[in-house]
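Only one structure is covered here, and it is reproduced in the block below.
The values are calculated or read from the model by the stated rules, or taken from the named source; none is laboratory data. A quick note: this is a predicted structure, and the numbers were derived from the prediction, not measured. No Cβ is skipped: glycine too gets one built from the backbone with ideal geometry, and neighbour counts run over all protein chains shown. In case anyone asks, the SASA skips ligands and DNA or RNA and just uses the protein heavy atoms, side chains included. Shrake-Rupley method; radii C 1.70, N 1.55, O 1.52, S 1.80 Å.
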Amino acid sequence: MGAIRQAYMMWKALRLPWRRDVLAGVDLDGNLYFERSVRSAQRTRRHVVYKKNINVAEYNDQIIPIQWQAWMRHTRSQPPTIQELLHDVERRRRMAENVHRLATKGMSRAVAGPEAVDTAQNSRSQPPPPPPTASKTSAPGESFEPEGWKPDSANTRSNKKDNN
């Protein structure tokens, strides 16, 4: 970034009493994020000025990085840093490589056929032997079997009414 552009960004980021919008940050695409204090509202309003002129019909969530989306929705209080955004880009690149690697590995298995996969799995590991059975000891309540419950005829309502 040039020295003039950097000085302009620092000037826009200053919180001066007469300034309505304060620059909060910039993403990797060059979009500018602003914060505006509103006296009648409890929290600040946040908006983005896109570097490219985007038609409303062409908007989707992928235009703004997820870290900036969280800041715009007041989920996070501090705006993301450039290092954080770069780290996320690197993480996504590594993930795409891993997905590609797994997809090619899966394709090679599909070309070899299911028999090759079965023999590879069988040769890799045999099922573990069953654990030795210990002599089974009985606990004090193991042989108990509950019986059905039947109320006494002396405690039924009809007998109580007949007795009164």
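Ranking of GLU147, GLU142, GLU97, GLU35 by solvent-accessible surface, largest first: GLU147, GLU142, GLU97, GLU35 (1.4 Å probe, protein heavy atoms only, all chains present). Per-residue Karplus couplings for the stretch 29-34, computed as 6.51 cos²θ - 1.76 cosθ + 1.60 with θ equal to phi - 60°, are listed in order as 8, x, 6, 9, 10, 10 Hz, Gly and Pro entered as x.
In straight-distance terms, cross-link reach from LYS51 covers every one of the aspartates and glutamates whose alpha-carbon lies under 12 Å from its own, apart from those fewer than eight places away in the same chain; here that gives ASP27, ASP29. Counting Lys and Arg as +1 and Asp and Glu as -1 over every other residue whose Cβ lies under 13 Å from the Cβ of ARG94, the net charge comes to +1.
One decimal place: the segment ALA70-TRP149 gains 22.2 nm when fully extended, by the rule 0.36 nm per residue minus the C-alpha distance. Which residues in the stretch 33-55 have a backbone N closer than 14 Å to a point placed 7 Å from the Cα of SER77 along the Cα-to-Cβ line? Those under the cut-off are 43-44. Dipole orientation for the stretch 34-73: of the candidates TRP68, ILE54, SER37, SER37 has the Cα lying most toward the positive pole (charges on Cβ; Lys, Arg +1; Asp, Glu -1).
Solvent-accessible area of the stretch 1-90 (1.4 angstrom probe, protein heavy atoms only): carbon and sulfur portion equals 54 percent. Multiplying the residue separation of GLU84 and MET10 by 0.36 nm and removing their Cα-Cα distance gives an extension gain of 24.7 nm.
Protein-only accessible surface at a 1.4 angstrom probe places the residues LYS150, LYS12 in the order LYS150, LYS12, largest first. Mind checking the full-extension length gain between ALA139 and ALA41? Use 0.36 nm per residue of separation minus the Cα-Cα distance, one decimal, nm. Going from the current span to full extension adds 28.4 nm.
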